[in-house]
Every structure is written in structure tokens, then in C-alpha cells.
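Peer 1: First, the structure itself, so that you have it in front of you.
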Amino acid sequence: MQMTGPQGQKIEAILFDKDGTLMDFQRSWGPWTAWVIESRSAAQGADKNAVAQAPGFVLTAQMFHPDSAVIAGTPEDVVTILQPFFPANTPQEIVGWLDPDATHFTPAIVPGVKESCDVFGRLGVKQAVVTNDFEAAARDHLELMGLAHLFDAVIGYDSGFGGKPAAGPCLGAAGRLGVAPEACVMVGDSLHDLEAGLRAGMIPVAVLTGVAGAEELAPHAAVVLDSVADLPQWLCS
């Protein structure tokens with residue numbers, strides 16, 4: 001079976017964002033973020049509520065606001081937000097806080113992801129992860145979710161191609177896969193993901209497993225799906 005895009009073009013590779021696309025963003029990062037904010041604020045003498053408010057995080061609910069800059073941002077973006085609250089700490093130290101340990105962080109996989117990726121693998125379609133997280137962290141998360149073996153490449157913001165919404169990470173992934181950009185689908189839950197895919201000349205597909213709504217994503221996507229679980233049906237129909 002050959003997979004085709006909305007204009008009938010052959011699809012040879014699928015690129016996936018990680019947080020909010022493969023991994024449930026709020027369930028995975030909410031509890032860990034609350035722990036980091038509370039523990040670091042206590043240790044450094046910062047106001048935990050002010051620290052939480054800056055990146056758009058609700059401590060009591062352990063959830064991010066939909067417009068939080070952290071959701072689609074890079075670790076450098078997070079450091080820029082947090083630095084004013086921790087003036088005695090270097091940017092490098094704050095970056096180190098963003099690398100979660102297994103004791104406090106448990107990535108929650110989006111239902112149906114593994115089954116969908118298995119389908120694409122059987123069809124011979126190449127798969128990659130393109131994330132604004134660290135590449136090493138992304139690989140660790142994929143291992144913890146039992147997905148690492150399904151991907152032919154993992155591109156992080158520190159992999160040498162820059163971060164989304166620029167086209168570089170998507171083009172870098174296509175290059176590593178040996179596939180033309182126009183034969184790729186870029187799947188994500190944020191405008192950063194869709195914009196990166198569009199700039200790279202790929203087919204942008206939105207999923208609703210992040211915090212953005214369909215009305216925000218639809219103008220920038222070829223289709224809006226509930227989750228990655230619906231992707232095989234859309235591409236193989």
C-alpha cells in the first residue's frame with residue numbers, strides 16, 4: 001500500500017513533534033514542573049508563585065496555560081523566562097535544571113501512537129522525531145515510552161539545525177532520512193510545528209493532544225486530527 005498526501009503526492013517519511021504529539025504534554029510535564037518550581041524556589045529563596053506565573057504555569061493544577069511560551073519553546077527560551085528569578089545562577093545551571101530525572105518525571109505516551117508507528121514501519125515509511133527539546137533528552141523519553149526503536153532519526157534543538165518554527169530542524173531530518181521535503185509529513189500540536197513544516201515544504205498535520213485548539217491550528221494545517229492514532233486512516237484512505 002502506498003501512502004499519499006492531499007494532492008496525491010507520495011509520502012515517504014513522517015516527522016513527529018514529541019511533546020503534545022507523541023507524549024501527553026500536561027500529564028508528563030505538569031507534575032515534574034511543579035516539583036522543579038517548588039524545590040528550586042525554596043532552595044534559591046524565590047517566590048514560587050511568581051516563578052510559576054512567568055512561564056504560564058498553574059501550580060495548584062500542575063498544568064500549563066495554553067499560551068505558555070514553554071509549550072513549543074526551546075530550553076533557551078525557558079532559561080530566558082526563569083533567569084530574572086534566579087540571578088545568582090548561571091544560564092548553564094538553569095539549563096541543567098531542565099533535564100528531568102527518572103525519580104520525578106514519567107513520560108505519558110499518547111494512546112495509539114505505537115500502533116500507528118508500527119503501521120508506518122510495516123509500510124516502509126521512514127519516521128523521525130523533530131523536537132525543540134534536547135536531542136539526548138528526547139532519545140531518553142522515547143526509550144522510556146518504548147518507542148525509540150521505531151524512529152530512524154531524532155532531531156533536537158541542539159542537533160545543529162536550530163529550533164522550530166524555523167525550517168532547519170525539519171530539513172535536517174529529511175536530509176538524515178534521505179527523503180525529499182515534499183515527500184514528508186510534519187505532525188505536531190503547535191503552531192511552531194506546523195510553521196516549521198510549511199517553511200520546509202512539507203505537509204503539515206495538526207493533532208489535538210497538546211493544548212492548542214482546532215480553531216487555532218486549522219488555518220495552518222492540511223488536516224486537524226484528534227491524535228496520531230488517526231493518522232494512518234487519513235494517509236491510507
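The values are calculated or read from the model by the stated rules, or taken from the named source; none is laboratory data. Because the structure is a prediction, the values reported are computed rather than measured. FYI the Cβ positions are ideal-geometry reconstructions off the backbone, even for glycines, and counts take in every protein chain you see. To get the accessible areas, we keep the full protein, side chains included, count just its heavy atoms, and leave off ligands, DNA and RNA. Shrake-Rupley method; radii C 1.70, N 1.55, O 1.52, S 1.80 Å.
Peer 1: Which residue pairs have Cβ atoms under 9 Å apart, sit 6 or more places apart or on different chains, and have a first residue in the range 108-133 that is of a type in the set (Phe, Trp, Tyr) and a second that is open to solvent by 10 Å² or more (accessible area, probe 1.4 Å)?
Peer 2: 120/126; 120/150; 120/232
Peer 1: Out of the range 174-195, which residues are within 12 Å of the chain's Cα centre (by Cα) and open to solvent by less than 10 Å² (accessible area, probe 1.4 Å)?
Peer 2: Hits for the range 174-195 are 186, 187, 188, 189, 193, 194.
Peer 1: Taking the conditions exactly as written (outside any loop (DSSP other than H, G, I, E, B) and either in contact with a strand residue (DSSP E or B) (Cβ under 6 Å, 6 or more places away or on another chain) or surrounded by fewer than 18 Cβ atoms within 10 Å (Cβ to Cβ) (or both)), does residue 43 satisfy them or not?
Peer 2: Judged against the criteria, residue 43 is a match.
Residues are listed down the side, and each one gets a yes or a no for (1) in contact with a Ser or Thr (Cβ under 7 Å, 6 or more places away or on another chain); (2) over 19 Å from residue 23 (Cα atoms); (3) at pLDDT below 95; (4) of a type in the set (Gly, Ala, Ser):
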| residue | (1), (2), (3), (4) |
| --- | --- |
| 51 | yes, yes, no, no |
| 59 | no, yes, no, no |
| 63 | no, no, yes, no |
| 66 | no, no, yes, no |
| 74 | no, no, yes, no |
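Peer 1: While we're here: Starting from residues that are over 21 Å from residue 156 (Cβ atoms) and part of a helix (DSSP H, G or I), keep the ones in the range 71-112 and report whichever is least open to solvent (accessible area, probe 1.4 Å).
Peer 2: Top of the filtered list is 83.
Peer 1: Do any strands (runs of 3 or more DSSP E) lying entirely in the range 134-226 carry at least 1 residues that are over 18 Å from residue 12 (Cα atoms), of a type outside the set (Val, Ile, Thr) and touching a helix residue (DSSP H, G or I) at 6+ places or on another chain (Cβ under 9 Å), and which ones are they?
Peer 2: Working: elements: 153-155, 184-188, 203-207, 223-225.
Once the strands (runs of 3 or more DSSP E) in the range 134-226 are filtered for at least 1 residues that are over 18 Å from residue 12 (Cα atoms), of a type outside the set (Val, Ile, Thr) and touching a helix residue (DSSP H, G or I) at 6+ places or on another chain (Cβ under 9 Å), what remains is 203-207, 223-225.
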